[in-house]
1. Condition first: without any contact (Cβ under 8 Å) to a residue 60 or more places away in the chain, surrounded by 14 or more Cβ atoms within 10 Å (Cβ to Cβ) and more than 43 Å from the chain's Cα centre (by Cα). Can you find one or more residues in the range B:80-96 that meet it?
2. Any residue at all in the range A:307-328 that is at negative phi and within 12 Å of chain B (Cβ to nearest Cβ)?
3. Limited to the range A:137-157, what total is found for residues that are within 21 Å of B:Ala679 (Cα to Cα) and either touching a strand residue (DSSP E or B) at 6+ places or on another chain (Cβ under 8 Å) or more than 9 Å from chain B (Cβ to nearest Cβ) (or both)?
4. How many residues are under 20 Å from B:Met272 (Cβ atoms) and surrounded by 18 or more Cβ atoms within 10 Å (Cβ to Cβ) if we restrict to the range B:173-204?
5. Restricting to the range B:492-525, what's the tally of residues that are of a type in the set (Ser, Thr, Tyr), under 30 Å from B:Glu809 (Cα atoms) and within 14 Å of chain A (Cβ to nearest Cβ)?
6. So which of B:Glu291, B:Glu304 ends up being in a helix (DSSP H, G or I) and surrounded by fewer than 14 Cβ atoms within 10 Å (Cβ to Cβ)?
7. Tell me which residues, restricted to the range B:630-642, are crowded, with 24+ Cβ neighbours inside 10 Å and more than 7 Å from chain A (Cβ to nearest Cβ).
8. B:Val437 passes all but one of (1) within 12 Å of chain A (Cβ to nearest Cβ); (2) modelled with pLDDT of 90 or more; which number fails?
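The values are calculated or read from the model by the stated rules, or taken from the named source; none is laboratory data. Owing to the predicted nature of the structure, the values given are computational and were not obtained by experimental measurement. FYI the Cβ positions are ideal-geometry reconstructions off the backbone, even for glycines, and counts take in every protein chain you see.
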Amino acid sequence: MQLAIKASGEGAKALSFLLAKNPQNLYDRTEKGYRVRLTYTVFTATEVEVILFVTLDPVELVKNSPDAFKITQYINDREFVVSSLFCSYVRSALGTALNGRTLEEYLPWVNHAFKLNLCFGPLASDMPDSVVRRLFEPLAYDVNIEYGQTNYQFKLKDKSSARFLNLQGEVTLQNALKHLYVLIPALDNYKHYFMDEREIEKLQRYGEGWLVEHPLNQMIIKRSLRFRELIDKVPPELKGKTSEYFNSDTIYEALSKGSKESVESLQEQEPQLREEHNLDKSWKPEEPQINDAKPVITLNEQRYQAIVKIIERLPSKETIVDFGAGEGKLSVRLGNIPQVQEILAVEPTEKLLLRAIKRFAQASLQDGYVSPTPLWGSFYYYDERMRNKDVMILGEVIEHIDEHRLPRVMETIFGSYQPKTLIMTTPNVEYNRIYEMQEEVRHKDHRFEWTRAEFAQWSNSWASQYSYQVEIDGIGLEVEGVGHPTQIAIFSRQVGLEK
Amino acid sequence: MSQQIALPHAGIVLLVGPSNSGKTTLLNQLVEREVLLRSEIVSSDQFRVLVSDMDYIDLKKHSKDEQEVLYAKYQQISQSAFEAMSALINTRCALGKLTVVDATHLWPEDRKNYIILASKNHVSAMAIVLDLPEKILLDRDAQRELPRGRNRINQQVRNFKNNLHSLKTEGFSTVNILNERQLEQSTFIRLSNPLVKEAGAGLDFIGDIHGCYDEFLELLDKLGYNQNEEGLYVHPEGRKLVSVGDILGRGPKSIACIKFFQEHVEQDLAYMVDSNHGWKIARWLSGRKVELTHGDEKVAAEFEHYEHNQGKEATDRFKEQVKNFLLAAPSNLVFSKNGVEGIVATHAGIRDTYIGKQSNTISDFCRYGDTDGVHEDGKPIRKDWFAEHQSGEIIVWGHDPNHQPLVVNNTINIDQGVVFGGRLTAYRYPKKAFVWVEAHKDYAEDPESLWHKWKKERFSPPNIQSFLSGYSVNTEDYGEIRVKEEYVKSSIEEVSHYTVPIEELVYIPPTMSPAPEPSSLQDYLEHPKEAFDYYRDQNVTKMVVEKKHMGSRAIFLLFKDEESAVNYVGSPTLGTIYTRTGRPFFDQAMTRMIVRQLNADLTSAKYFAKHKTDFVLLDAEALPWNLKAKELISAQYAHVSEVALMDRRKILEKLEQAQEKGWDVGSWIEEFKLKLGNAKVFREVFPKYCWDTQGIEGIKIAPFHILAHSEQTFFDQSHIWHMEETRELAKLSDLFIETEFKVVTDEASEQEAIRWWQEITEDGHEGFVVKPETYIARNNKGRIIQPAIKVRGRKYLHIIYGIDYLQPENLTRLKNRNVSRKQRHALMEFALGIEGVKRFVRTESVARIHECVLATLALEAEPVDPRL
């Protein structure tokens, strides 16, 4: 990881005073786990260049890393790329220049716009070149991007994921460094440390005077802070004008999807901005591609409401199983339905289950609320706790099961669990063309999506096999010729007819 | 006339009679004549001494006050001595030993306790009563060192006489009352246990025949029995048959089966134990009111038919014989070889304390098994008695139809439901081999039968509650393996989202450790020497080294045809290919293409026919690396190599400029030249394992273990065998490649192997794996040892330990690694893998197979240094 700063033209030598680095000496500091070095490569009246680079102790680097139990822990780009880590390593070497302090006689140079060349890298970023340019060009830099070598003898990638930036502009040294201190962390793919309010302070300090005007202001802030809790705390004076999306979940989710730790809920149904591997295509963070047209009520919400309504009308609804409950968004709404006494929210994914537990704890503060019981469960196992319930719900679940595994799951549900009412929803694949989707299915974990005819035929066949009556309907805005976005089947057990 | 008195082989014998009757004298004689062992005799006097060091108290010398104290003390000691003696006798009874109690036992209350003790332990209680004239007793008393005195003797005799008449009704199995003359004329002998037989030239245990006489004869033929002139089936080696019962009922030819065993048992050519169907028919033949159901009505019909042909008189005679034969069948039989009672036959089950004993309770248990009430539908709730078996014998049993012989905890179920269309199984002892014949048809056609229920439920989803809070698996090779809740849960999550279907997920390959010690060479982290040293330390002298392919681990389950799969995985499929974490290796289309290709290749080479198998289960490495790991290679290895090269080149460039202009950065330049070199090695290494593939073109599969065929596993074969067999496989399909290997037995072959390793690893190859010759190897303490040790090359390890791992300051630190956890995991996962595959081959339930698989996944979820 390195940064070369070159000043050309009149007064270039003043750079050394602003940096407070004697051109006669090499700068070499070893701290715990890293070593910072600096040398000049040219020092003439009209051309001065310094290179600053950091080397890490690779063994020390991975100690206590959250990736300690991943095979790739020693194969780590953190050792090489510029990131917020780099910024903090070189903070003390660049301290004087960043603060704009120097000997009195050189003070005028602090505000002098040098003809500067800033070369830094390697850079590991998911931002396409076009976005990288749009980060720096508004700050009056010429941007030159250099790529690493990829000549592999087998087909692996078209372009290297290593980039090196060369910025040219007339800018004061202090401002140039401030730009880098905000934009390098924003460019980088992930953060190395725990983040708190101090990150907002840093943005305020280094972004002073330019960040609020930057056209990509909100993207920079979100990329820098990552977590909604932090983003929400950003003071208004730091936010640019285009901040109407600031608090919407969607843009946050869309932006955070690039990060590795983002958990995709299996319950997300709408086509939405996905993780974008391709760097150049459609990376438009400032224009979220949500079907945000007008639906004030999302399809998710409509589905929950429809299911709640169906359950409210059922004669028997004391005990309910929400099978594949995810983060409990549906389960949590069932606790207010009169007569309901027990809700089992069954889910095999720990992260989702933990979110559900949090959600239930919040909801159970209401009077008379029946808090759902989170249960670790799975379609591929048998669990006698789910037998003979009044209602079982499989909301947007079956499409996550491999089609060839579905029959055994259904046998367990119809044959062993035997709920009085079974409610099932699944996407209507015919509707996908309304979404103008590129992909075949609405979520990358969907193993299949069915037409109305397919779902009806499938439902009827199970119903007749296990003495259930089935009623099929749709949820969401109906479109002539394609039906509703969501299909729903309500199976009612025919008592006494059981085979 | 002399009288013979037979002492039982086990149980309690009480001597009854007043002091001076000669009880102790008699017992001493019996010990001398070797009828009894000294340790078989206990007496209250002996226990009084044992608990209190006091034998006898002479009260006469003491004052009245003192007498009272002493008497109370004496009472207390007597009571304690009695309790200690009872405890000892109880233990001996439980172990099936004989105990003779030498005391007066004048009162029924004195005797009652022993009758209860004996009955509780399912052994007999016998009384030998010495009824001598009072005069003799008094004469003898007078000659004693410490006479009891006339009064006491008088009193004892009175009590004895008064209670003598009730003795016969107190519950003793035998009561012998002997007067002076009778005692003199009696000879005492010792009976042996009627339930213990000699294993002789060998035994063939036969599962539940249920009237399938034709299949039975077929099996006898397969076992090598020939019919002699008298029509009896004899084995040339003198082997004998042992039926675990239920020879009749449900099937077509019950009478033929009964006749067979009646004759052969009579001729000492066969044994048969009691069973539920046999007992029911015996009671029916005894004229009891029994409802003949569950196929027993077919036996009645056969008798009717018999009567129709043979007439009533002959039939009645025959029925009487059959009744006696069935009633005489013992609940269990124990067979001994070289004096060791090694194998037990019973029908439905037995407890360890019942072995070799008879009682009504035991008979019931052996007939019906361990039942605990009944289900709603009236079926008994079965408990797994075999889980508690600890006493070492092999227990062979039937009753519960299982698709394959169920071997659990030294118990073997050999009822494979021939009458339900399954198989008739024989278990050969001491060879420990199974022989079977297929049923000609499903005779019972009973959809409610356990067999059908088992067939239906075999592929039912496993019960999640038996796993959720952590659980244990009993493995044959490692014993109990416990997995923790948190890791089980995360594995269930994995199975719920990503793996191939549970039914097809039958084996997860175990992890593999490097040698416990890092290389002693300065610039190596791993070297073959330490692996060879490890095995030598474990007393392994012959090793197999196998080239380690650098690709991705893949398990191949390939079926003969789609239909054959139904019996093993519950639905038709040509096969499945999955990764070491159980996920599908390829997408569906690609899987289908490869499986089809392999199926076509193996079929045209007649692989399945030649090996008489429905499937082959292979442990393999699939190449190239980028086939599966393209994303990882691109995002991690290639990316890091690109940034490292870029970073180091750029820095070096700038430093060289600086040097040119006079700055003293020479040492920095040296450092960066070296580091750039390291980055170049790294860049060179990882693409070695990658090449382009087009469809199935370019894909190479290197199988190295043939885990199983449909009738057998191959864990008993050496690694040389596995290498040779996989080499044969490689000839059958272009997709398969063979794995180079060498055998190491001495210094020279070891050096040769090391040279080979140097050569291939310098070329960037991953390295090799050192294995003991046998698949399952144990050291001389009997402990299972590492099934394989990997030795990775110097260059290859760059992609594991990092670009600069060979820099001395890094290498010395990296050598401080600890492999003990990894090794423990390797052993447990190895044992679980074997256990799961064995269960799969025995076509046990999905739940039983899955508990092994899930446990391995859970162990793999535990944090272990992944670089090892």
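1. No: the range B:80-96 contains no residue that is without any contact (Cβ under 8 Å) to a residue 60 or more places away in the chain, surrounded by 14 or more Cβ atoms within 10 Å (Cβ to Cβ) and more than 43 Å from the chain's Cα centre (by Cα).
2. The answer is yes; a qualifying residue exists.
3. 4
4. Going through the range B:173-204 one residue at a time, the tally reaches 5.
5. Summing the residues that are of a type in the set (Ser, Thr, Tyr), under 30 Å from B:Glu809 (Cα atoms) and within 14 Å of chain A (Cβ to nearest Cβ) in the range B:492-525 gives 1.
6. B:Glu304
7. Answer for the range B:630-642, where residues must be crowded, with 24+ Cβ neighbours inside 10 Å and more than 7 Å from chain A (Cβ to nearest Cβ): just B:Ser641.
8. Of (1) within 12 Å of chain A (Cβ to nearest Cβ); (2) modelled with pLDDT of 90 or more, only one is false for B:Val437: (1).
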